[in-house]
1. Of the residues A:ASP203, A:ASP215, which is of a type in the set (D, E, K, R) and within 17 Å of the chain's Cα centre (by Cα)?
2. Could you go through segment A:105-128 and let me know if any residue there is touching a Leu at 6+ places or on another chain (Cβ under 6 Å) and either touching a residue at least 40 places away in the same chain (Cβ under 8 Å) or buried (at least 21 other Cβ atoms within 10 Å of the Cβ) (or both).
3. From A:SER80, A:SER99, which residue is within 30 Å of B:PHE172 (Cα to Cα) and touching a residue at least 60 places away in the same chain (Cβ under 8 Å)?
4. Among the listed residues B:GLY222, B:GLY194, identify the single one that is part of a loop (DSSP other than H, G, I, E, B), surrounded by 14 or more Cβ atoms within 10 Å (Cβ to Cβ) and under 19 Å from the mean Cα position of the chain (by Cα).
5. Kindly provide the set of residues from segment A:27-61 that are closer than 16 Å to A:VAL7 by Cα, of a type in the set (A, V, I, L, M) and either at pLDDT below 95 or part of a helix (DSSP H, G or I) (or both), ordered by number.
6. Any idea which of B:PHE156, B:PHE172, B:PHE130 is farther than 19 Å from B:LEU107 by Cα and hydrophobic (A, V, I, L, M, F, W, C)?
7. Give segment A:176-185 a look and list any residue that's more than 7 Å from chain B (Cβ to nearest Cβ) and out of contact with any Pro (no Cβ under 9 Å at 6 or more places or on another chain), or say none.
8. Taking helices (runs of 4 or more DSSP H) that do not extend beyond segment A:62-175, which have at least 2 residues that are more than 23 Å from A:SER52 (Cα to Cα) and within 14 Å of chain B (Cβ to nearest Cβ)?
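The values are calculated or read from the model by the stated rules, or taken from the named source; none is laboratory data. Quick caveat, the model's predicted, so the values are computed rather than measured. Using ideal geometry, Cβ is built from the backbone for each residue, glycine included, and neighbour counts are taken over all protein chains shown.
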There are 2 protein chains.
Amino acid sequence: MKLFELVGCDKDNGFSPFVWRTKLALAHKGLEAELVPLHFSEIRNTLEFSGSKTVPVLEDGDNVISDSWDIACYLEENYSDKPSLFGGDAAKVGLNLLSLQIGKSLLMPLFKTIAADIHDVLHDMDKDYFRKSREQRIGCSIEEAAEDFKTPLKLFKGNLWPYSQHLKSEDFLAGAAPAYSDYMLYSTFLWARGSSMKKIVDDNDPLVDWLSRMDQLFGGLGGQVKYIG
Amino acid sequence: MKLFELVGCDKDNGFSPFVWRTKLALAHKGLEAELVPLHFSEIRNTLEFSGSKTVPVLEDGDNVISDSWDIACYLEENYSDKPSLFGGDAAKVGLNLLSLQIGKSLLMPLFKTIAADIHDVLHDMDKDYFRKSREQRIGCSIEEAAEDFKTPLKLFKGNLWPYSQHLKSEDFLAGAAPAYSDYMLYSTFLWARGSSMKKIVDDNDPLVDWLSRMDQLFGGLGGQVKYIG
């Protein structure tokens, strides 16, 4: 298997939250993939064969799958003898809704919080592209985002409340053991951890203990991620 | 079975969103309960036997269960021969998280939107209690809430986005057929429909078609709810 991912200057430090969903899903299934690190500027040409303009793209023999959710569904279906990612059809439908929730209420404000930090860890050849495309998305300049990160960070933290509450009664989002819902949320934190020094969770939040449980999974796969500016 | 519920002036028009979750869960299981309508002021004394200070409370033979989530779990476990509400353990854990999401992102802003309307449909004996307890919760007077309903309504509508998106690809939140996740969201709308004239969904929203599908379930159980001011 080959997994195409996005990196900044440091080729060993992929930080795309959607690629992280796939990395964790592969680890959950006990599968290994060779990582192919790409800069933004390399993605379009390299991934032309896949029909996708974004990472992750997974090559598994003759199968080429893009989009982290489609990859998770592919792995669940084609490696059904391995531990389940979703826990059944009803849970799978719920995860689609959860992914939309996370996108709207967490990824969006977090992106605004760390957009300038991501810009800084990118390879120079990517910086113009990132600036042009992302300034449009966040509605302000990278410099303004760097200045005003506290507003979206406050929104992000406020939107963590349901997850924190849930983790008061459960070890993992998925219950007694981690599964894909945990990977969807955890990848959000790894995104920030690999690209920013900002502290995005309060010390007394139940998410802190959950993060340390997540960090220990799969031989410390996510726990090894750190900011290298 | 007996189901204790909250009503305003109109005893046939219970509007508590949590009681609605239970009514729909009972209908999903094909079970019937005698409704016991209560005003706010009657709840404490009448429900003393249950140990709960809030509705819903369900009496099922010798069993007395309170809290809509505990009731749903009770029904799922004790009427496991009937159609499943959750669709398995993994989905059940996800529903706990969804309930927290709905509470924070929908029920809270919607309450602020319709607080003054709810006040108006209550029996006179409940109005003082409601005003005192709820003004504290929303941080402003009933009159101020009546004036400034557009701000929380905008927040509510914005937070509907993940559900609308999800319903572009699914007939129901739970997939091809309705289940407890649908009842959690639908009860939110029935709450507003029974107590307020405000329009809380835009005409072109995929939620409109979903609402009409939900209205047709169980012989039009929720579809019959209308505002009687």
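1. A:ASP215
2. yes
3. Residue meeting the stated conditions: A:SER99.
4. Checking each option against the conditions leaves just B:GLY222.
5. Once the filter is applied, which keeps residues that are closer than 16 Å to A:VAL7 by Cα, of a type in the set (A, V, I, L, M) and either at pLDDT below 95 or part of a helix (DSSP H, G or I) (or both), segment A:27-61 yields only A:ILE43.
6. Being farther than 19 Å from B:LEU107 by Cα and hydrophobic (A, V, I, L, M, F, W, C) holds for just one of B:PHE156, B:PHE172, B:PHE130, which is B:PHE172.
7. A:ALA176, A:PRO178, A:TYR180, A:ASP182, A:TYR183, A:LEU185
8. By residue number, A:89-102, A:150-159, A:161-169.
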